[in-house]
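The next block holds one structure in the form of structure tokens; read it before the comments.
Each value in this text was obtained by applying a stated rule to the coordinates, not by laboratory testing. If you're wondering where the values come from, they're calculated on a predicted model, not measured in any experiment. Neighbour counts run over all protein chains shown; Cβ positions are idealised from the backbone, glycine included.
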Amino acid sequence: MAVANRGEVWLIDLGYVAKVRTCFILSVPVLPQDRAVMTVVPHTTSVRASRFEVSIPIRFLKPGAFDAQDLVTTSQVKLIRKLGNLTADQLKQVEDAARAWLGL
């Protein structure tokens, strides 16, 4: 089973309705006693200019944004392929949007 780390961008099977999507890993790595799940922020090309969307130009992504309003918790077995990493500054931008959405 593949292991995803915080700050990585992966192709993930989010199921029949949500389809295979590019997602940013938001959660921390799990320990053996934890459930093998992760929380991700999907990337969308259907941008709405929401305050919870973070547009980050990355060479391996189509133009769009990470949508912090669409947080998803899913099993790690749904990981398909790692696409790359966000920089520390890019990670902070997505974290800030997720915090704003959750009121943290």
Only one of (1) assigned to a loop (DSSP other than H, G, I, E, B); (2) under 9 Å from the mean Cα position of the chain (by Cα) does not apply to Gln33, and that is (2)
Whichever residue in region 59-77 is of a type in the set (A, V, I, L, M, F, W, C) and more than 14 Å from the chain's Cα centre (by Cα) and, among such residues, is nearest to Ala2 (Cα to Cα): Val77
Only one of Val47, Val54, Val41 is closer than 19 Å to Ala100 by Cα, surrounded by 11 or more Cβ atoms within 10 Å (Cβ to Cβ) and over 13 Å from the mean Cα position of the chain (by Cα); which? Val47
